[in-house]
Amino acid sequence: MSTAAIDNKVQMVVSNIRNLPTPPIVFNQIQKAINDPNVSAAQIASILSEDPAMSVKVLKLTNSAFYGLSREVDSVKQAVVIIGLEAVKNLVLSASVLDMFKSKHIDQEYQERFWRHSLATGICARLIARRIQGRGMVDPDTAFSSGLLHDVGKMVLSCHLPNEHKNFLEARAKDPETMDFELEDNVLGFNHAQVGGFLAATWKLPEKLADSITYHHAPAEQGLTDPITSFIHLANHIAKETFKDDTDSGPRGEASPEVMAYLQIDESKLEELSEALREEYVKAETFMQMAGLA
């Protein structure tokens with residue numbers, strides 16, 4: 001099947017989903033406002049004030065160990081000034097996604113594994129963005145959001161395409177060795193990365209973020225032209241390796257040698273990032289609470 005045909009199939013499948021979640025209006029308003037070079041912290045705070053529940057979440061996350069601020073922030077305007085516009089926008093996006101894909105109709109253990117891995121990937125992508133500056137600047141908070149969202153297509157499948165998800169699980173039970181995205185291609189004719197990328201585009205998220213989701217399993221297909229996709233690919237691999245356990249019997253795959261070379265990462269740096277991820281992960285309890293994991 002050609003790439004164009006796959007794109008059309010994904011578009012058709014996702015477009016036919018009723019009640020597909022969309023980010024709250026406040027996110028779209030903030031994203032639009034940030035594109036104005038003259039926007040002020042007070043204007044962003046005013047937009048957020050229209051959604052009191054989201055304002056509370058942004059303050060909770062800003063004051064959490066995730067940011068490690070030396071003093072407590074007690075207003076959204078102050079949060080914008082201290083952690084920045086891009087960080088606030090990405091916190092709104094992250095909190096929104098954690099809310100959007102809660103479902104009582106799918107296996108709770110599956111959801112917990114999903115969000116823990118997604119969170120670990122986001123945290124690791126943030127670490128990589130802070131440590132690797134030589135391949136083009138990537139905002140660490142944008143890297144975090146991209147990592148958190150990298151597998152969002154799996155949530156679309158499990159929450160909104162139950163028949164396709166069931167077919168995938170039945171195939172997985174018979175084939176424990178094939179990678180998820182390859183098995184999805186074989187069984188469904190498309191994969192979760194393509195679904196997630198299309199969803200991100202539908203939500204009008206930045207093109208680079210959508211592409212990082214679409215290509216996180218195959219960054220070389222994108223031509224290694226944008227470091228954020230390589231960051232997400234590598235963060236996904238490190239997160240799986242760092243938190244593997246006896247119950248995690250699924251295939252984990254390997255980090256792309258092309259990505260390793262492009263980012264000038266060797267095995268010793270992978271181990272350093274893995275250790276740093278373990279330390280940072282424990283600071284993310286507030287995110288886990290929002291996802292209902294803590």
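From Ala143, Ala125, grab the single residue that is aliphatic (A, V, I, L, M), out of contact with any Gly (no Cβ under 6 Å at 6 or more places or on another chain), touching a residue at least 12 places away in the same chain (Cβ under 8 Å) and not assigned by TED's automatic domain parsing to the domain that holds Asn90. Exactly one of Ala143, Ala125 is aliphatic (A, V, I, L, M), out of contact with any Gly (no Cβ under 6 Å at 6 or more places or on another chain), touching a residue at least 12 places away in the same chain (Cβ under 8 Å) and not assigned by TED's automatic domain parsing to the domain that holds Asn90, namely Ala143. Number of residues in region 189-215 that are closer than 16 Å to Ser230 by Cα and surrounded by 20 or more Cβ atoms within 10 Å (Cβ to Cβ) equals 9. For region 257-293, a residue qualifies if it is part of a loop (DSSP other than H, G, I, E, B) and within 19 Å of the chain's Cα centre (by Cα), and the qualifying residues are Ala291, Gly292, Leu293.
Among the residues of region 196-230, the one identified as free of Cβ contacts under 8 Å to residues at least 24 places away in the same chain and among the aromatic types (Phe, Trp, Tyr) is Tyr215. Of all the numbered requirements in (1) free of Cβ contacts under 8 Å to residues at least 24 places away in the same chain; (2) more than 16 Å from Asp141 (Cβ to Cβ); (3) in a loop (DSSP other than H, G, I, E, B), Gln43 misses one, and that requirement is (3).
For Val73, the conditions (1) at pLDDT 90 or above; (2) assigned to a helix (DSSP H, G or I); (3) hydrophobic (A, V, I, L, M, F, W, C); (4) not assigned by TED's automatic domain parsing to the domain that holds Ala261 all hold with the exception of (2). Only one entry of Lys208, Lys166 meets the criterion of being among the basic types (Lys, Arg) and in contact with a helix residue (DSSP H, G or I) (Cβ under 7 Å, 6 or more places away or on another chain), and that entry is Lys208. Restricting attention to region 170-188, the residues being touching a residue at least 40 places away in the same chain (Cβ under 8 Å), within 21 Å of Val13 (Cβ to Cβ) and either buried (at least 18 other Cβ atoms within 10 Å of the Cβ) or in contact with a Ser or Thr (Cβ under 7 Å, 6 or more places away or on another chain) (or both) number 1.
Of all residues in region 186-242, those satisfying the criterion of being within 25 Å of Pro21 (Cα to Cα), part of a helix (DSSP H, G or I) and either in contact with a strand residue (DSSP E or B) (Cβ under 8 Å, 6 or more places away or on another chain) or small (Gly, Ala, Ser) (or both) are Ala193, Gly196, Gly197, Ala200, Ala201, Ala210, Ser212.
The values are calculated or read from the model by the stated rules, or taken from the named source; none is laboratory data. Owing to the predicted nature of the structure, the values given are computational and were not obtained by experimental measurement. Ideal geometry is used to build each Cβ from the backbone, glycine not excepted, and the neighbour counts take in all protein chains shown.
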